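Colleague: Got a structure for you, questions after.
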Amino acid sequence: MEAFDYEDIQLVPAKCIIKSRNDADTSVKFGPKTFKIPVVPANMETVMNEELAIWMAKNDYFYIMHRFQPENRTDFVKKLHSLGLYASISVGIKDAEYEFIDELVAENAKPEYITIDVAHGHSDFVIDMIHYIKKQLPETFLIAGNLGTPEAVREIENAGADATKIGIGPGKACITKLKTGFGTGGWQLAALRLCSKAAKKPMIADGGIRFNGDIAKSIRFGASMVMIGSMLAGHEETPGNLISIDGKKYKQYWGSASERQKGAYRNVEGRQMLVPYRGHLEDTLTEMQEDLQSSISYAGGQQLADITKVDYVIVKNSIMNGD
């Protein structure tokens, strides 16, 4: 198998067929709704909160609310629905989560999207949860992850998941590959390509995005949606304390498997860090959309799917080497 990551790949331009890049359509249908761009902020406590979820839903962006205040999730679904907005939440696989699914049904608080958020999603326990959610909430669009192999994608899709989330530890705040020796860190894009050979349903590429061009590369190798953590964490609207060091502004960012998130040093596979403050999130999302429009024009197309048809070359670490 060819092993490569985002910095190793360049997409090959095709003849442009649009007069203006503004004519390129970046929208994507994902589940029951269509969104402006194929980008979703990571469902992490330092990236997503209720206020941001509401803003994103109002402005036709996809979001996934994290699962780290479990007692608030039912009220969150009700609040979003009361505002005429869609609800997208995360669950785990502990026994209490089955009771939570029952509570959603009893309260008639049925979210449009649920993500089963587990570090190693190729698991009998994840499959059991898929079966239970699909039985109790058959209309909910169910995402399950995280996965890193074609075998995992086949099994999780066959269990009933409507989409899968691909990536085992490639994120900036993740140290899974260092702590365990396992994961897709360093070959996340190749893992996405490999999984796309098996996938019959949409995939979310999760982790390893460092530049806006990596979004287009993810689409080329099979992703319908791209999950981004560190690049979206350091904004005015995102959670986390604003810190000034030597006149420069930063925001706190930590992984979901970090000691900070767990509240104890136990099975830690994430770390805390500071990310540069980047101003308002809307400006960054607009820039991502504009860059994606340019990507579509370079792909010789008019819409997102046209990126999937372009050729690519492997140029090992060209950016890192300064070539």
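The values are calculated or read from the model by the stated rules, or taken from the named source; none is laboratory data. Because the structure is a prediction, the values reported are computed rather than measured. All Cβ positions, even for glycine, are placed from backbone atoms using ideal geometry, and neighbour counts span all protein chains on display. The protein model used for the area step is the full one, side chains on, heavy atoms only, and it has no ligands, DNA or RNA in it. Shrake-Rupley method; radii C 1.70, N 1.55, O 1.52, S 1.80 Å.
Colleague: Name the residue that is nearest to A205 (Cα to Cα), counting only residues in region 144-158 that are among the β-branched types (V, I, T) and assigned to a helix (DSSP H, G or I).
Modeller: Checking each candidate, the answer is V153.
Listed here are the residues, each with its yes/no results for (1) at pLDDT below 95; (2) polar (S, T, N, Q).
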position	(1), (2)
G279	yes, no
E282	no, no
T286	no, yes
S294	no, yes
Q302	no, yes
V310	no, no
V315	yes, no
S318	yes, yes
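Colleague: Please work out if K19 is open to solvent by 10 Å² or more (accessible area, probe 1.4 Å), in a loop (DSSP other than H, G, I, E, B), more than 24 Å from I143 (Cβ to Cβ) and free of Cβ contacts under 8 Å to residues at least 60 places away in the same chain.
Modeller: In short, yes.
Colleague: Quick one: would you say I116 is in a helix (DSSP H, G or I), modelled with pLDDT of 95 or more and within 14 Å of L137 (Cα to Cα)?
Modeller: Spelling it out, it is not the case that I116 is in a helix (DSSP H, G or I), modelled with pLDDT of 95 or more and within 14 Å of L137 (Cα to Cα).
Colleague: Quick one: what pairs do we get from region 103-115, first residue crowded, with 20+ Cβ neighbours inside 10 Å, second among the acidic types (D, E) and in a strand (DSSP E or B), C-beta under 8 Å, 6+ apart or different chains?
Modeller: none
Colleague: Among the residues in region 167-176, are any farther than 28 Å from D291 by Cβ and at pLDDT below 95?
Modeller: yes
Colleague: Among (1) without any contact (Cβ under 8 Å) to a residue 40 or more places away in the chain; (2) in a loop (DSSP other than H, G, I, E, B), which single condition is P239 missing?
Modeller: Tallying (1) without any contact (Cβ under 8 Å) to a residue 40 or more places away in the chain; (2) in a loop (DSSP other than H, G, I, E, B), P239 fails exactly one: (1).
Colleague: Looking only at region 40-95, which residues are modelled with pLDDT of 95 or more, among the β-branched types (V, I, T) and not in a helix (DSSP H, G or I)?
Modeller: V40, I64, I89, V91, I93
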